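Take a look at the structure set out below.
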Amino acid sequence: MTPRVAVIGGGLAGMAAGLACADRGAAVTLFEARARLGGATWSTELQGLRVDNGQHVFLRCCSEYLSFLDRVGARERTVIQPRLAIPVLAPGARTSWLRRVGLPAPLHLAPSLAGYAPLSLLERLRLVPAAQRLKSLRLDDPALDRTTFADWLRAHGQSQRAIAAFWDLVTRPTVNLPASEASLALAAKVFQTGLLQEPSAADVGYAAVPLEHVHGEPAQQALEKQGAVVHKRARVQRIELGPDGEVSALHVNGQRLEFDAVVLAAPHEDAAKLLPEAAGLDASALGKLGSSPILNLHAVWDRKVLPHAFAAGVNSPLEWLFDRSQASGLERGQYLAVSLSAADRWVGVSSEALRKVFEPAFRALLPAAREATLERFFTTCEPTATFRGAPGSRALRPRAETGVRNLALAGAWTDTGWPATMEGAVRSGVSAARAALVALGRTRDLPEIAA
């Protein structure tokens, strides 16, 4: 008989899990409570523009995410740099570049760091020894999750300015926390995998079209082509266990539906409410993972003010800026999307108040903006964008397997070894699919996960 697998949640984790199971012969039914797939990566129309809820990027080292794009036929809808090149802007200063050259990591960045204007000569010289020490850390060492990245950096000769103007350029957008709050374990994973092992690993990629055309839309088509059924606006109220202690059914929008295995790929706050006691997980521990918000600024100018496809900002409240003019359908001027990670201080602040803060910051950072007109300014916010990757979070993140044999967990918040990124989400989905398939006795041709 064809095994019936239910997937609860239509984000990247759920879609990846559903595809992995459907590709191996399972009859998959995916339930998404919202009216769209994509989870934390979605698009909408605001003020006449097709905009994403935030600017999501990936790196060349994100192997599982890239495999997901290939599987749904959406890789050509993204752009990835042929060679890492990040312009770094600072108010009143020349543009610095983080570029890689043909040397082994971490020396592939040495020429860029030697001329990195935001730091003094001494601060630049101290970067490479710290990077070498960071590269040598053992990621399986539990002590790494007991301290913050900033504490470790200070102990290895890094000034506060170096932390803010270099290390946080990577830490904030990937861990969604500054180095002063981020777990050393997660930061070390990011730097080792992205910057310190393979020179090409940190080449930056991003969507060339609205995210709905990269994730939700093509993934739904791929699922349905494999015979999967996708239900939107379908909220799961309860996971029912049978007399044998295994999942037997789901209660969805008042209906009882029977399944042979379930992948729970909801956000950790929702998963905690659905998990049966027999799963053996402490719901309060999942709650302790907390959350970290992301605020997104959407600024439409009457002319081009950013001469790059994207740039990083330092010594400015503007962090990462992206030109989304073409993707949004803007016909005149330039539309910049700015992602502000770990944005606790901005949650609940009105767009009008935020404009008063950030419009001067745009003009200070971008010389061409000083004579330009800001025609439209609006914001979007994800108050619970990611779990909070602070010290101690590793012990709170559960594995895909649970105490219920045919119930598996997926989500960037599970124990992937990665912070809450698109790569981590897809990896979690593949891991959960493996666990579900094993529970169904389907142990041949299991989906593989790259190291």
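The values are calculated or read from the model by the stated rules, or taken from the named source; none is laboratory data. Since we're looking at a predicted model, the values are computed, not measured. Because the Cβ atoms are built from the backbone with ideal geometry, glycine has one as well, and the counts that use them run over all protein chains shown.
For the range 3-36, enumerate the residues that are in contact with a Lys or Arg (Cβ under 9 Å, 6 or more places away or on another chain), surrounded by fewer than 21 Cβ atoms within 10 Å (Cβ to Cβ) and assigned to a strand (DSSP E or B).
A27
Take residues that are closer than 27 Å to F310 by Cβ and at pLDDT 95 or above and tell me which of the helices (runs of 4 or more DSSP H) falling wholly in the range 324-442 contain 1 or more.
Ranges flagged: 325-328, 351-365, 422-439.
Determine whether the range 201-215 contains at least one residue that is buried (at least 21 other Cβ atoms within 10 Å of the Cβ), over 18 Å from the mean Cα position of the chain (by Cα) and closer than 19 Å to A22 by Cβ.
no
Scan the range 395-404 and give yes if some residue there is surrounded by fewer than 24 Cβ atoms within 10 Å (Cβ to Cβ), outside the structural domain of A285 (by TED's automatic domain parsing), charged (D, E, K, R) and over 19 Å from the mean Cα position of the chain (by Cα), otherwise no.
no
Just need a number here: residues in the range 72-116 that are among the hydrophobic types (A, V, I, L, M, F, W, C) and in a loop (DSSP other than H, G, I, E, B).
Residues flagged as among the hydrophobic types (A, V, I, L, M, F, W, C) and in a loop (DSSP other than H, G, I, E, B) within the range 72-116 amount to 7.
Would you mind stating whether A265 is within 29 Å of L340 (Cβ to Cβ) and surrounded by 22 or more Cβ atoms within 10 Å (Cβ to Cβ)?
Yes: the conditions hold for A265.
Hey, can you tell me all the residues within the range 119-144 that are buried (at least 19 other Cβ atoms within 10 Å of the Cβ), closer than 14 Å to L186 by Cα and not aliphatic (A, V, I, L, M)?
Passing the criteria: none in range.
Would you confirm, using the coordinates I've provided, whether L196 is of a type outside the set (F, W, Y) and touching a strand residue (DSSP E or B) at 6+ places or on another chain (Cβ under 8 Å)?
no
Of the numbered conditions (1) surrounded by 16 or more Cβ atoms within 10 Å (Cβ to Cβ); (2) closer than 22 Å to G38 by Cα, Q326 satisfies every one except a single condition; which is it?
Result: Q326 passes all but (1).
Hey, can you tell me all the residues within the range 244-270 that are closer than 24 Å to L286 by Cα, in contact with a Ser or Thr (Cβ under 9 Å, 6 or more places away or on another chain) and not in a strand (DSSP E or B)?
Correct list: A265, P267, H268, E269.
Residue by residue, here is whether (1) out of contact with any Asp or Glu (no Cβ under 6 Å at 6 or more places or on another chain); (2) among the small types (G, A, S); (3) surrounded by fewer than 15 Cβ atoms within 10 Å (Cβ to Cβ) holds:
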site	(1), (2), (3)
L59	yes, no, no
G73	yes, yes, yes
R77	yes, no, no
L84	no, no, no
R100	yes, no, no
